[in-house]
Each structure stands twice: as structure tokens, then as C-alpha cells.
Amino acid sequence: MDIVIAAVAGYLWGGIPSAYLLARFRLGIDIRKYGTGNVGASNVIAHVGKKSGFALGLFDGLVKGTAPVVVVGLMGGSDWAMAAVGLAAVAGHNWSPYIGFMGGRGVSTSAGVFLGFLLLPELGMIILLAGIWGGVIRKNLALWLLFAMFLTPLMALALDRSLEAIVMTLVVLVLLVVKRLVANWQRPLENEPLTRVLFYRLLVDRDIASREDWVSRRPDEPQKTAEA
């Protein structure tokens, strides 16, 4: 029963559409209609501002991801309950019940869950491989993030983590892959074959080859000036 309660609570908590609310508050825009359509920190950075995006990333990681895991642990919940609340928080972030089951990609929230489980080497690997090597050096964060997430369960196995932690890393990988493939229920562009779109979504987390064209999309409605 504690696992069921933790999962429901985690899903409703993780589903708080923080990026959507922030963009509405800051600029009065629907972030789902801009850029990638991602209701998360990366899209907020591109269309609202870096300060807002970084603050949002911390909130999604520490408040949505880490806090539920820690709270369940402090309340005496089992490791399975801690895994359930963390995974449910990621699922809620990805498919929020408050905005038509749209959401973000779950990266920051997943990182927060790993932190709550004290999977620090795994988290460090993701930061180094995806964030620094993939994002800063190779300028291809999405591809290297996918690679890092595939390595995470293997690293957990190598470090002899608990069964709960290993299962959690595997399910996080599944949630990330599924979210990329279904995006935010966007239909593939008419001039792009479905197989190509799914290939792009899986590897580079967009529907077309050009990242710049994908990230810069916006509706025709006037937009207020984003912060520096």
C-alpha cells in the first residue's frame, strides 16, 4: 500500500507544470507552442531566459525529483516506495495530468531522483558524459544524454547497487526513450517519413535534422521580450 500511495503522490507532485506556469508568469506565453514544445528547462532557457531556465532546472531536479524520495525515506518508506515515488515524479513531469498529459523530458527530475538515492557516481557520469562532453564540447547534448542513460543501469550493476536502484535506472531509461518517441503527442510533419521522424526523435530529440530550426519555432502571436 505504501508503494501505491507513494506512486500516486509522486505522479501528482511531479506533474506540477512548473515550466508552463513560469512561462505564463514571466511572458504570458504557452511554452508548449514554442521551440521544441518541451515543457521543461531547456525550452524555457531558449524562449524565456537563461536565469529562469536554470532556476527551473534546479526546481525540477531538487524539488520534484530529490524531495519526494527523501521524504518517503524519512517517513520510513521502503526502498521500493522510494523508487516508486521517484519514478512516478518523472512520469508526472513527462506527462502532466494538469496540461493534457504533455510535459518535459524528465532529465532534471531523473537527476534529482538519482541524487535522492545517492547514486552519485552514476549522476557524475551523466554530468560529465552528457553535460560537459555532449553539451559543451560536442554540442549534441541529446545524443550523448541517451548514451549516458543507457550506461546508467550498467554502471549501477557494476557498482553492486540494490535491486531497487537498478530497476529504477532501467525504468528511467524507458521513460526517457518513450518520451522522446511520443514527444508531446506531436504529429510528424507531412513531408517527413514516420521512420525518419522516429529516428530523429530517438537520437537527437527532434523531428527534423536542423536543431536551430526546431528550437527557434514559435507561433505567429506577438511575444514579449525574454530576459537576458
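The values are calculated or read from the model by the stated rules, or taken from the named source; none is laboratory data. Computed from a predicted model, the values in this text were never measured in an experiment. Neighbour counts are summed over all protein chains in view; Cβ atoms, including those assigned to glycine, are modelled from backbone coordinates with ideal geometry. Quick note on the areas: whole protein, heavy atoms, side chains included, nothing else; ligands and nucleic acids left out. Shrake-Rupley method; radii C 1.70, N 1.55, O 1.52, S 1.80 Å.
Quick one: in the stretch 177-204, of everything that is of a type in the set (D, E, K, R) and open to solvent by 30 Å² or more (accessible area, probe 1.4 Å), which residue is modelled with the lowest pLDDT? Break it down into steps so the answer makes sense when it comes.
Here is the first cut: in the stretch 177-204, the residues of a type in the set (D, E, K, R) are 179-180, 187, 190, 192, 196, 201.
Remaining after also requiring open to solvent by 30 Å² or more (accessible area, probe 1.4 Å): 187, 190, 192, 196.
Working: 187: 83, 190: 78, 192: 82, 196: 92.
Among them, the one singled out is 190.
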Seminar exercise, completed: Checked the stretch 5-29 for anything surrounded by fewer than 22 Cβ atoms within 10 Å (Cβ to Cβ), closer than 23 Å to residue 69 by Cβ and in contact with a Lys or Arg (Cβ under 8 Å, 6 or more places away or on another chain); matches are 13, 16
Exercise. So residue 45 fits all but one of (1) within 30 Å of residue 162 (Cα to Cα); (2) open to solvent by 10 Å² or more (accessible area, probe 1.4 Å); what number is the exception?
Worked result: (1)
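Going by the conditions given, is residue 69 crowded, with 24+ Cβ neighbours inside 10 Å and within 30 Å of residue 186 (Cβ to Cβ)?
Working: crowded, with 24+ Cβ neighbours inside 10 Å: yes; within 30 Å of residue 186 (Cβ to Cβ): no.
No; evaluated as a whole, the condition is false for this residue.
Would you pick out the residues in the stretch 156-165 that are in a helix (DSSP H, G or I) and either among the polar types (S, T, N, Q) or crowded, with 19+ Cβ neighbours inside 10 Å (or both)? Quick ask: steps written out before the conclusion?
The first filter runs over the stretch 156-165 and keeps only residues in a helix (DSSP H, G or I), leaving 156-158, 163-165.
Across the stretch 156-165, the qualifying residues are 156, 165.
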For this session: Looking for whichever is in contact with a helix residue (DSSP H, G or I) (Cβ under 8 Å, 6 or more places away or on another chain), farther than 20 Å from residue 216 by Cβ and not polar (S, T, N, Q) here; the options are 44, 48, 72, 39. Which one fits?
Result: 72
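Looking for whichever is open to solvent by less than 50 Å² (accessible area, probe 1.4 Å), without any contact (Cβ under 8 Å) to a residue 24 or more places away in the chain and either among the small types (Gly, Ala, Ser) or part of a helix (DSSP H, G or I) (or both) here; the options are 53, 86. Which one fits?
Working: 86 fails: without any contact (Cβ under 8 Å) to a residue 24 or more places away in the chain.
On inspection, the qualifying residue turns out to be 53.
If I go through the stretch 92-125 residue by residue, how many of them are in a helix (DSSP H, G or I) and open to solvent by 20 Å² or more (accessible area, probe 1.4 Å)? So that I can check it myself, show each step before the final result.
Our first condition is that a residue be in a helix (DSSP H, G or I); within the stretch 92-125, this holds for 92-94, 107-116, 120-125.
From what's left, open to solvent by 20 Å² or more (accessible area, probe 1.4 Å): 107-108, 111, 115, 120-121, 123-125.
So the count comes out to 9.
Restricting to the stretch 16-50, name every residue that is closer than 21 Å to residue 92 by Cβ, assigned to a loop (DSSP other than H, G, I, E, B) and not acidic (Asp, Glu). Can you show your working first?
First, the residues of the stretch 16-50 that are closer than 21 Å to residue 92 by Cβ: 16-25, 30-32, 36-44.
Now narrow it down to the ones that are assigned to a loop (DSSP other than H, G, I, E, B): 16-17, 30, 36-40.
Hits for the stretch 16-50 are 16, 17, 36, 37, 38, 39, 40.
For residue 64, state whether it is open to solvent by less than 20 Å² (accessible area, probe 1.4 Å) and of a type in the set (Lys, Arg).
Details: open to solvent by less than 20 Å² (accessible area, probe 1.4 Å): yes; of a type in the set (Lys, Arg): yes.
Spelling it out, residue 64 is indeed open to solvent by less than 20 Å² (accessible area, probe 1.4 Å) and of a type in the set (Lys, Arg).
Of the residues 136, 174, which single one is among the aliphatic types (A, V, I, L, M), modelled with pLDDT of 95 or more and part of a helix (DSSP H, G or I)?
Details: 136 fails: modelled with pLDDT of 95 or more.
Criteria check complete, one pass: 174.
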For this session: Among the numbered conditions (1) touching a residue at least 12 places away in the same chain (Cβ under 8 Å); (2) closer than 28 Å to residue 165 by Cβ; (3) outside any helix (DSSP H, G or I), tell me where residue 76 comes up short.
Result: (1)
Exercise. Which condition number in (1) of a type in the set (S, T, N, Q); (2) more than 12 Å from the chain's Cα centre (by Cα); (3) within 25 Å of residue 12 (Cβ to Cβ) is the one that residue 140 fails?
Worked result: (3)
